[in-house]
1. In this structure, is residue A:70 more than 7 Å from chain B (Cβ to nearest Cβ) and without any contact (Cβ under 8 Å) to a residue 60 or more places away in the chain?
2. Which of the residues spanning region A:32-50 are surrounded by 14 or more Cβ atoms within 10 Å (Cβ to Cβ) and under 17 Å from residue B:15 (Cβ atoms)?
3. What number of residues within region A:98-132 are in contact (Cβ under 8 Å) with a residue 40 or more places away in the chain and either surrounded by fewer than 21 Cβ atoms within 10 Å (Cβ to Cβ) or at the interface with another protein chain (Cβ under 7 Å from one of its Cβ atoms) (or both)?
4. Could you list all residues from region B:124-140 that are of a type outside the set (A, V, I, L, M) and either over 18 Å from residue B:66 (Cβ atoms) or out of contact with any helix residue (DSSP H, G or I) (no Cβ under 6 Å at 6 or more places or on another chain) (or both)?
5. Is there a residue being within 22 Å of residue A:88 (Cβ to Cβ), crowded, with 17+ Cβ neighbours inside 10 Å and among the aliphatic types (A, V, I, L, M) anywhere in region B:105-128?
6. Among the numbered criteria (1) more than 8 Å from chain A (Cβ to nearest Cβ); (2) modelled with pLDDT of 95 or more; (3) farther than 21 Å from residue B:17 by Cα, which single criterion is violated by residue B:105?
7. Among the residues of region B:53-95, write down those that are closer than 13 Å to residue B:39 by Cα and open to solvent by 30 Å² or more (accessible area, probe 1.4 Å).
Amino acid sequence: MKLLKFFLVGILFGIVMSKAEIISWYRIYEMFKFQAFHMYGIIGSAVILGMIMMTFFRRKVIKTFEGKDIIVPPKKPGIYRNLFGGILFGLGWGLAGACPGPMFVLLGQGVVAILVVIFGATFGAFLYGVFKEKLPH
Amino acid sequence: MEFITQPWDWYVAGPIIALIMFLLYYFGERFGVSHNLETFCSIGGAGRFLDYFKIDWRKNSWNLMFVAGAIAGGFIAAQWLTTSTEVAINPQTIEDLAAIGFKDAGATYLPNEIFGIENMLTLKGFLILLIAGIMVGFGARWAGGCTSGHAIVGLSNLELPSLIAVIGFFIGGLVMTWFILPLIF
């Protein structure tokens, strides 16, 4: 049960990524062409609701199911890591039309070619570990 | 059932994603998919080469279960919850894609020009998929997050690093879409 609940949340994630066509390469292309509101509406509404949620977390109005405080770990500061890492990620996102979440959903959809992308992404994470010390952060 | 089998609008999907984020924090964990890529490296034995990957990956089991669920969710949606995989994209998008050699844009979720098996089996096609993946994985770990960790959680939490990362996502995505894709195809 401890891990099963995460599996169930993952199923909901896979379904919503599919049903709202977030897994579609075309939706990402269309977003970067500014030709539809769809993706902006999804991310925007999630972020606005998320802001309200985070306020409740910070004020300890909402706690975990075990009654512990919810602490959202801060992101690491640094222009270089976030900007250069972000640009590289964006180039891949624009080309593959899938970020890490949708990649796995597409695997469940039976898309064989996404295996190459997932392998590449895992290898990319490994390469980051290799070059970490030499990169600006 | 029709409200489920038809495509879901943004105002349905956005709140559900917020709910998913809420549940993960309520269950005492976080929302961030790209972290799993590092966990895969650790499971695969990358810790033998680099201390960076020497972690007890079992403490990330919850996130691996989330990924397993995402795969199952994709399968469930494809098998039982979808009648058509046609994507109603902007007619202008279809025209723009036709101009760079993408046929029947929006007829299915993915372009055959990139994800078709016959294209995957060519050197160029294979490299496109592989390099796209490497950029996503390398970039996400360099930036310390992807769309979930930075764009959704980070922006919700008013994090400046996430704002910088999301600006980066868009610089990269715009350069790829407007300038590089027309050169590749």
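The values are calculated or read from the model by the stated rules, or taken from the named source; none is laboratory data. Fair warning: this is a prediction, and the values are worked out from it, not measured in the lab. Here the Cβ is made from the backbone with ideal geometry for all residues, glycine too, and neighbour counts use every protein chain on show. All accessible areas refer to the heavy atoms of the entire protein, side chains included, with ligands and DNA or RNA removed. Shrake-Rupley method; radii C 1.70, N 1.55, O 1.52, S 1.80 Å.
1. Details: more than 7 Å from chain B (Cβ to nearest Cβ): no; without any contact (Cβ under 8 Å) to a residue 60 or more places away in the chain: yes.
Here the answer is no, as residue A:70 does not meet what is asked.
2. The initial filter retains those residues of region A:32-50 that are surrounded by 14 or more Cβ atoms within 10 Å (Cβ to Cβ), namely A:32-33, A:35-36, A:38-39, A:41-50.
Of everything in region A:32-50, those that are surrounded by 14 or more Cβ atoms within 10 Å (Cβ to Cβ) and under 17 Å from residue B:15 (Cβ atoms) turn out to be A:38, A:39, A:41, A:42, A:43, A:44, A:45, A:46, A:47, A:48, A:49, A:50.
3. At the first step, the residues of region A:98-132 found to be in contact (Cβ under 8 Å) with a residue 40 or more places away in the chain are A:98, A:101-102, A:104-106, A:108-109.
Right, trim to either surrounded by fewer than 21 Cβ atoms within 10 Å (Cβ to Cβ) or at the interface with another protein chain (Cβ under 7 Å from one of its Cβ atoms) (or both) and you get A:101, A:104-106, A:108-109.
Counting residues in region A:98-132 that are in contact (Cβ under 8 Å) with a residue 40 or more places away in the chain and either surrounded by fewer than 21 Cβ atoms within 10 Å (Cβ to Cβ) or at the interface with another protein chain (Cβ under 7 Å from one of its Cβ atoms) (or both) gives 6.
4. Here is the first cut: in region B:124-140, the residues of a type outside the set (A, V, I, L, M) are B:124-126, B:133, B:137-139.
Within region B:124-140, B:124, B:125, B:126, B:133, B:138, B:139 qualify.
5. Yes, because at least one residue in region B:105-128 is within 22 Å of residue A:88 (Cβ to Cβ), crowded, with 17+ Cβ neighbours inside 10 Å and among the aliphatic types (A, V, I, L, M).
6. Residue B:105 satisfies every listed condition except (1).
7. Scanning region B:53-95 gives B:54, B:55, B:56, B:57, B:58, B:59, B:64, B:65.
Okay, residues lined up against (1) surrounded by 23 or more Cβ atoms within 10 Å (Cβ to Cβ); (2) touching a Pro at 6+ places or on another chain (Cβ under 9 Å); (3) of a type in the set (A, V, I, L, M); (4) at the interface with another protein chain (Cβ under 7 Å from one of its Cβ atoms):
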{"site": "B:143", "(1), (2), (3), (4)": "yes, yes, yes, yes"}
{"site": "B:165", "(1), (2), (3), (4)": "yes, no, yes, yes"}
{"site": "B:176", "(1), (2), (3), (4)": "yes, no, yes, yes"}
{"site": "B:180", "(1), (2), (3), (4)": "no, no, yes, no"}
